[in-house]
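Every read-out reported here was derived from the displayed coordinates using simple, explicitly stated rules and does not represent laboratory data. A quick note: this is a predicted structure, and the numbers were derived from the prediction, not measured. Using ideal geometry, Cβ is built from the backbone for each residue, glycine included, and neighbour counts are taken over all protein chains shown.
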Amino acid sequence: MTADADKRIPPLGRVSLRGLGVSETGLAFLAFIVLALLPIFVSGYPIYILPQYMLFGMMAMSLGLLWGFVGILSFGQAGFFALGAYTMGLAMQSDLGINPAYVGILLSLVAGGVLAAITGYFLFSAGVRATYFVLVTLALSIMVEQIAVSQSDITGGWNGMFIDRMSLTFGTVGEIPLSEDAPAYYAVLPVVVVTYILLRWLTSARFGKVLAGIRENEERLTALGFSISLYKTCAFALSGAIACFAGALYGTHANFVAPSLGGVLFSTEVVVWVAIGGRNSLLGALLGGILVATLSNYLSTITPEYWQLVLGLIFIVAIVFFKGGIAGAVAQLPRLWQSRR
């Protein structure tokens, strides 16, 4: 996609949809209300699997922050996601005297943020960008996968690692076990909602405006005295921390993590989610992760041999006909609506 095309496709949150009475905030509110009410009307497998898909969407938002707002495409989000899951698994196996899940969450945030910060510092300080950054982040995911395989005494190798479901503890007040699907669902949903709200606030604040400026005209921002490498490193560190955090919650919810979670195939799937949902919209990335993962699960059951081919065709159609993904198509609705009036 060219830079001129990108400029014609503004983020959904920046587009006025008053002609249709819709905004990204309104759509997000509606989406979260639907997700909150879903367990009341649906039970069984959907309520079990949806929290995992919501965490996929949370990881997709971490890529949306980088790709949509900074213009940096990363194939390393799956690596951070797997790192968070393994971190949670190791924490849950330890006897720390406190809730090990809380330790796992904290360590995953630190591990993801620090690894991304160190990687970003050296890459951005050296002026690495575009294709070379993609290759480095892809190599990062491959390294995580290979380390998980080679350190089989710790990670279980190709057999994977089993992780217990976490519980929410409140000191001496009490404990809420998340072994049942409904409590686990309502534990994950607020995390995803809060993450979305924080990222929306951050991208609307001065930090987000600088990131958008870097995406549009990096040289101008440099001339104005902004430290481009510092802002890119901070964005990458935040993105890595969010992806790692999502992975930690995924590991304890799915009760299992395998090396393939950080592999090339899953890294590519994350990019597909965001491209279809809309990289210029955090809500688009979130819903893209949820909906495309749901579609992938459905397609794999009805056509196990060709589901990836079908998903690839959907990806091509989205790129060709919907330049900004689903969010971009929705953002263009007011113009189409007015042209027909």
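I'd like to check something: does region 56-76 contain any residue that is among the polar types (S, T, N, Q) and over 24 Å from Leu295 (Cβ atoms)?
No, that holds for no residue.
Which condition number does Lys323 fail, the rest of (1) in a helix (DSSP H, G or I); (2) more than 21 Å from Ile47 (Cα to Cα) being met?
(1)
Give the residues of region 298-311 that are surrounded by 14 or more Cβ atoms within 10 Å (Cβ to Cβ) and among the polar types (S, T, N, Q), sorted by residue number.
Answer for region 298-311, where residues must be surrounded by 14 or more Cβ atoms within 10 Å (Cβ to Cβ) and among the polar types (S, T, N, Q): Ser300, Gln308.
Looking for something closer than 27 Å to Met54 by Cα and in a helix (DSSP H, G or I) - is there at least one such residue anywhere in region 213-220?
No, there is no match, as no residue in region 213-220 is closer than 27 Å to Met54 by Cα and in a helix (DSSP H, G or I).
If I ask for residues that are touching a residue at least 12 places away in the same chain (Cβ under 8 Å) and farther than 12 Å from Gly57 by Cβ, which ones from region 182-198 would you list?
If the condition is that a residue be touching a residue at least 12 places away in the same chain (Cβ under 8 Å) and farther than 12 Å from Gly57 by Cβ, then Ala182, Ala184, Tyr185, Tyr186, Ala187 are the ones that fit.
Pick out the one residue from Met143, Met166 that is aliphatic (A, V, I, L, M), surrounded by 13 or more Cβ atoms within 10 Å (Cβ to Cβ) and in contact with a helix residue (DSSP H, G or I) (Cβ under 6 Å, 6 or more places away or on another chain).
Met166
Kindly provide the set of residues from region 131-162 that are on the phi < 0 side of the Ramachandran plot and assigned to a loop (DSSP other than H, G, I, E, B), ordered by number.
Gln151, the sole residue that qualifies.
If a residue must be within 13 Å of Thr233 (Cβ to Cβ), of a type in the set (Ser, Thr, Tyr) and free of Cβ contacts under 8 Å to residues at least 24 places away in the same chain, how many such residues does region 107-132 contain?
Residues flagged as within 13 Å of Thr233 (Cβ to Cβ), of a type in the set (Ser, Thr, Tyr) and free of Cβ contacts under 8 Å to residues at least 24 places away in the same chain within region 107-132 amount to 0.
Which residues, taken from region 221-257, are in a helix (DSSP H, G or I), touching a Phe, Trp or Tyr at 6+ places or on another chain (Cβ under 6 Å) and surrounded by fewer than 24 Cβ atoms within 10 Å (Cβ to Cβ)?
Ser229, Thr233
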